[in-house]
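The values are calculated or read from the model by the stated rules, or taken from the named source; none is laboratory data. Only a predicted model underlies this, so the values are computations on that prediction, with no experimental measurement involved. We place every Cβ from the backbone using ideal geometry, glycine too, and count neighbours over all the protein chains shown.
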Amino acid sequence: EAGVAQSPRYKIIEKRQSVAFWCNPISGHATLYWYQQILGQGPKLLIQFQNNGVVDDSQLPKDRFSAERLKGVDSTLKIQPAKLEDSAVYLCASSSAPSGGGGNEQFFGPGTRLTVL
Amino acid sequence: AQSVTQLGSHVSVSEGALVLLRCNYSSSVPPYLFWYVQYPNQGLQLLLKYTSAATLVKGINGFEAEFKKSETSFHLTKPSAHMSDAAEYFCAVRSGGYQKVTFGTGTKLQVIP
């Protein structure tokens, strides 16, 4: 079974530029998550999709971050414009159970390391 | 509200020694609890999870964790550390099925030969 794919693996941009990350979840997984992991911290949920609908985006900085999951499969996360404090690893994860499955495992991709100069 | 506290951002053990990584949680309802491991430049991988069945949970790579409600703890242990266990470990909590997962700040485990 193929895992969660993410691209690019690394990205370096200057502040005020825009950037986009792509995620392809495990086939058949209905739930998709985007996390931000700042160095020295645990992952923080940015947005959670159930199929192509948003379940939770309470911690997404909506003035600069946006995400979509067209057709309930792939997803993209965009930052526009980027700030220095956006430097982090952006992790995508997916799970098979609906949001109500409390014990369901999340499968993580390798992440995209973003550096904002 | 839910939260996780991991005591010790860095833990060093000798190869063959006991590994003990501490995790305390806060949850208003019976929680689901998870331990994940992250190797350098990789995503997180599930080690084990507690879902209100047995309080002693066994995971992959010889790790186990015990859920202690009275202490609100879910510490991770392994009897004998291997060099390959060197990684960062994250404890996480979910308070009910529709809540997001909250991760702790992580503990980096160093294994000394």
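Checked against the criterion of being on the phi > 0 side of the Ramachandran plot, not β-branched (Val, Ile, Thr) and not in a loop (DSSP other than H, G, I, E, B), the candidates B:Asn24, B:Asn41, B:Asn61 yield just one match: B:Asn61.
Restricted to region A:4-48, and to residues that are of a type in the set (Val, Ile, Thr) and out of contact with any Phe, Trp or Tyr (no Cβ under 9 Å at 6 or more places or on another chain), which residue is nearest to the other protein chains (Cβ to nearest Cβ)? The selected residue is A:Ile38.
Taking the stated definitions as given, is A:Lys83 within 16 Å of A:Ser18 (Cβ to Cβ), of a type outside the set (S, T, N, Q) and in contact (Cβ under 8 Å) with a residue 60 or more places away in the chain?
Numbers: within 16 Å of A:Ser18 (Cβ to Cβ): yes; of a type outside the set (S, T, N, Q): yes; in contact (Cβ under 8 Å) with a residue 60 or more places away in the chain: yes.
So A:Lys83 fits the description; yes.
Is one or more of the residues making up region B:36-52 hydroxyl-bearing (Ser, Thr, Tyr) and away from every other protein chain (no Cβ under 14 Å)? Within region B:36-52 (the criterion being hydroxyl-bearing (Ser, Thr, Tyr) and away from every other protein chain (no Cβ under 14 Å)), the answer is no, since none of the residues qualifies.
B:Ser70 satisfies every condition listed in (1) more than 14 Å from chain A (Cβ to nearest Cβ); (2) assigned to a strand (DSSP E or B); (3) free of Cβ contacts under 8 Å to residues at least 24 places away in the same chain except (2). Within region A:27-64, the set of residues being outside any loop (DSSP other than H, G, I, E, B), modelled with pLDDT of 90 or more and aliphatic (A, V, I, L, M) comprises A:Leu32, A:Leu45, A:Leu46, A:Ile47, A:Val54.
So if I check each of A:Lys71, A:Lys62, A:Lys78, which one is more than 14 Å from chain B (Cβ to nearest Cβ) and in contact (Cβ under 8 Å) with a residue 40 or more places away in the chain? Show your work before the answer.
Numbers: A:Lys71 fails: in contact (Cβ under 8 Å) with a residue 40 or more places away in the chain; A:Lys62 fails: in contact (Cβ under 8 Å) with a residue 40 or more places away in the chain.
Matching residue, one of A:Lys71, A:Lys62, A:Lys78: A:Lys78.
It is to be established whether one or more residues within region B:94-105 are more than 10 Å from every other protein chain (Cβ to nearest Cβ) and either within 26 Å of A:Tyr10 (Cα to Cα) or part of a strand (DSSP E or B) (or both).
Kept after step one, since they are more than 10 Å from every other protein chain (Cβ to nearest Cβ), are these residues of region B:94-105: none.
The answer is no; no qualifying residue exists.
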